[in-house]
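Please read the structure below before turning to the comments.
The values are calculated or read from the model by the stated rules, or taken from the named source; none is laboratory data. Values in this document were obtained by computation on a predicted structure and should not be read as measured data. Cβ placement follows ideal geometry from the backbone for every residue including glycine, while neighbour counts extend to all protein chains displayed. To get the accessible areas, we keep the full protein, side chains included, count just its heavy atoms, and leave off ligands, DNA and RNA. Shrake-Rupley method; radii C 1.70, N 1.55, O 1.52, S 1.80 Å.
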Amino acid sequence: MKLGIAIYPPKDIQDIANSFRKRYDPRYSLIAPHITIKEAFEVAEDQLPEIVQYLRQVAQDTEPIPLHIYKVSHFHPTNNVLYLAIKEEPRLTALHHKLHEPPLLKHEHKYPFVPHITIGQEMSDDELHDVYGRLRMKSFEFSFTATRFHLLYQLENETWTTYETFLLGQQG
């Protein structure tokens, strides 16, 4: 079973991200705009209860996280991905690390952790530079507090859906 862990931004930020994703992200229909906290990983279904128990504990021990989107950026030349950048936040980085600690959740990182919301991917070099050139002139300043994270699983049609939501700082 393929899982991932993400934070969804508020609807107004999702709407802004989707206004670009509709045009520049061929995976637009597979998942809502999100901040990946743990990249997709494979587990056996019988490991799910142990993973969920661990995630509940992590959520309980993690206070809500203030997040600030401050610009548009890209990963070129490593990857032709255009994204809304999130300012470094120690609590978010700490959460990311906690989600990679136990043996069940230790998986190889494809890329270093750079918190972001993808707004375009699988673009040609020319398209990426053209769109980035236009968007970098615009202001992207949004703040919100992440109060939860989501354990997601991938369906056979490659769409992602929430398996369970974990509230930050909540007892029980």
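For the range 1-16, taking the residues that are of a type in the set (A, V, I, L, M, F, W, C) and within 22 Å of N157 (Cβ to Cβ), the one that is most open to solvent (accessible area, probe 1.4 Å) is identified as M1.
Does L67 fit the bill of being closer than 19 Å to A17 by Cβ, in contact (Cβ under 8 Å) with a residue 12 or more places away in the chain and touching a Gly at 6+ places or on another chain (Cβ under 7 Å)? So L67 fails the test. Go through the range 85-105 and give me each residue that's under 30 Å from R23 (Cβ atoms) and part of a loop (DSSP other than H, G, I, E, B). Correct list: K87, E88, E89. For T118, the stated conditions hold: it is touching a residue at least 12 places away in the same chain (Cβ under 8 Å), more than 19 Å from E164 (Cα to Cα) and in contact with a Pro (Cβ under 8 Å, 6 or more places away or on another chain).
Just to be sure before I move on: is V52 open to solvent by less than 60 Å² (accessible area, probe 1.4 Å), within 21 Å of T161 (Cβ to Cβ) and modelled with pLDDT under 95 in the structure I sent? Considered against the rule, which asks whether it is open to solvent by less than 60 Å² (accessible area, probe 1.4 Å), within 21 Å of T161 (Cβ to Cβ) and modelled with pLDDT under 95, V52 comes out as no.
This table checks each residue for (1) within 14 Å of the chain's Cα centre (by Cα); (2) in a helix (DSSP H, G or I); (3) free of Cβ contacts under 8 Å to residues at least 12 places away in the same chain; (4) buried (at least 18 other Cβ atoms within 10 Å of the Cβ).
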{"residue": "S29", "(1), (2), (3), (4)": "no, yes, no, no"}
{"residue": "E39", "(1), (2), (3), (4)": "yes, no, no, no"}
{"residue": "L48", "(1), (2), (3), (4)": "no, yes, no, no"}
{"residue": "A59", "(1), (2), (3), (4)": "no, yes, no, yes"}
{"residue": "V72", "(1), (2), (3), (4)": "no, no, no, yes"}
{"residue": "H76", "(1), (2), (3), (4)": "no, no, no, no"}
{"residue": "Y83", "(1), (2), (3), (4)": "yes, no, no, yes"}
